[in-house]
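Trainee: Mind having a look at this structure? Questions to follow.
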Amino acid sequence: MHSNKTEQNGIPVQIRNTAGGSAKTLTGLTRREWFRTAARGCAGLALGGLVDVEAVRASTQKLKLADVNEFTTSCNFCSCGCGMVASVREGKLIAMEGDFDHIVNRGSLCVKGISMFATHTSPNRLTTPRYRSPGSDHWKDISWDDAIARVAQKIRKTRDATWIATEKVGDKEVPVNRTDAIGFLGGAQNTNEECYLFQKAARLLGMPYVEHQARL
């Protein structure tokens, strides 16, 4: 049965009704869908009156992952090279976990790797260089520039005092240009490119003893 009426008192009315079918309005909704939509709208309005939207937004700022930047890094304990993800908020490390995308550990960490965050946040962790002069019974804080200058002076002084320019091999003096008083120790967290530069620096300084911390 067809109806020619399209609207009564501003309310959409039935425009087609077939046997066994659903009655639809001009909006393209059945009566059941229309009532369902209206009920959802009323529930939404009621919920909006009960929930403080501004308070909810403010509380989300305190969530663990709100305003967090993530950086990938490597564990510095052994030579396995396990990958880690560091979560940083406002320049402060707030969490460290295994990198699930890393080919070595696939997100897992040993007990040493798991303790890295606790080591970083420990109140006993030193954040500035310290120096104890000969004969002194205490340490004092110094700047990074001062520490670098002191290390450079020590290396130069030791190198000059122990430099071996030549060495006798059989009946001949052959140039060797080395110092046996200084050694270089690499770390597991260094990349291949960093290791290449460290190796070059050690050889240029005349160090024959170049080792890795995982072997010791």
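The values are calculated or read from the model by the stated rules, or taken from the named source; none is laboratory data. Model, not experiment: these values are computed from the prediction. FYI the Cβ positions are ideal-geometry reconstructions off the backbone, even for glycines, and counts take in every protein chain you see. Accessible surface is based on the protein model in full, side chains and every heavy atom, while ligands, DNA and RNA are left aside. Shrake-Rupley method; radii C 1.70, N 1.55, O 1.52, S 1.80 Å.
Trainee: Which of the numbered conditions does Asn124 fail, given that it passes all the others? Conditions: (1) open to solvent by less than 60 Å² (accessible area, probe 1.4 Å); (2) without any contact (Cβ under 8 Å) to a residue 40 or more places away in the chain; (3) over 17 Å from Leu205 (Cβ atoms).
Mentor: Going through the list (1) open to solvent by less than 60 Å² (accessible area, probe 1.4 Å); (2) without any contact (Cβ under 8 Å) to a residue 40 or more places away in the chain; (3) over 17 Å from Leu205 (Cβ atoms), Asn124 breaks only (1).
Trainee: Conditions first: (1) open to solvent by less than 70 Å² (accessible area, probe 1.4 Å); (2) closer than 30 Å to Met84 by Cβ; (3) not β-branched (Val, Ile, Thr). Lys112 passes all but one, so which condition is the exception?
Mentor: Only one criterion is unmet by Lys112, namely (1).
Trainee: Another question about this same structure. Looking at Ala188, Ala201, which one is in contact with a helix residue (DSSP H, G or I) (Cβ under 6 Å, 6 or more places away or on another chain) and not acidic (Asp, Glu)? Talk me through it step by step, then tell me what you get.
Mentor: Details: Ala201 fails: in contact with a helix residue (DSSP H, G or I) (Cβ under 6 Å, 6 or more places away or on another chain).
Within the list Ala188, Ala201, the selection yields Ala188.
Trainee: Sort out which residues of the range 140-151 are touching a strand residue (DSSP E or B) at 6+ places or on another chain (Cβ under 9 Å) and open to solvent by less than 60 Å² (accessible area, probe 1.4 Å), and write them in order of number. Show your work before the answer.
Mentor: Taking the range 140-151 and keeping what is touching a strand residue (DSSP E or B) at 6+ places or on another chain (Cβ under 9 Å), we get 140-142, 146-147, 150.
Matches in the range 140-151: Ile142, Asp146, Ala147.
Trainee: Just give me the residues in the range 162-191 being within 29 Å of Asn76 (Cβ to Cβ), open to solvent by 50 Å² or more (accessible area, probe 1.4 Å), part of a loop (DSSP other than H, G, I, E, B) and out of contact with any Pro (no Cβ under 8 Å at 6 or more places or on another chain), in sequence order.
Mentor: Ala181, Gln189, Thr191
Trainee: Same structure, new question: Looking only at residues that are without any contact (Cβ under 8 Å) to a residue 40 or more places away in the chain and in a loop (DSSP other than H, G, I, E, B) in the range 192-216, which one is most open to solvent (accessible area, probe 1.4 Å)?
Mentor: Result: Leu216.
Trainee: Moving on. Among all residue pairs at least 6 apart or on different chains, which show Cβ distances below 6 Å where the first residue, located in the range 75-86, is touching a residue at least 60 places away in the same chain (Cβ under 8 Å) and the second is of a type in the set (Phe, Trp, Tyr) and open to solvent by 70 Å² or more (accessible area, probe 1.4 Å)?
Mentor: From the range 75-86, no pairs qualify.
Trainee: Here's a follow-up. Give the residue that is surrounded by the fewest Cβ atoms within 10 Å (Cβ to Cβ), with candidates limited to residues of the range 62-79 that are within 19 Å of Gly187 (Cα to Cα) and modelled with pLDDT of 80 or more. Give the steps one after another, and end with the answer.
Mentor: First, the residues of the range 62-79 that are within 19 Å of Gly187 (Cα to Cα): 72-79.
If we keep only those that are modelled with pLDDT of 80 or more too, we end up with 72-75.
Working: Thr72: 11, Thr73: 13, Ser74: 20, Cys75: 25.
Filtering first and then ranking leaves Thr72.
Trainee: Can you tell me which of (1) under 30 Å from Glu97 (Cα atoms); (2) more than 25 Å from the chain's Cα centre (by Cα); (3) loosely packed, with under 12 Cβ neighbours inside 10 Å is the one Asp137 doesn't meet?
Mentor: Single failed check for Asp137: (1).
Trainee: Of everything in the range 87-109, what is charged (D, E, K, R) and either touching a Cys at 6+ places or on another chain (Cβ under 8 Å) or surrounded by 11 or more Cβ atoms within 10 Å (Cβ to Cβ) (or both)? Give them in sequence order.
Mentor: Across the range 87-109, the qualifying residues are Arg89, Glu97, Asp99, Arg106.
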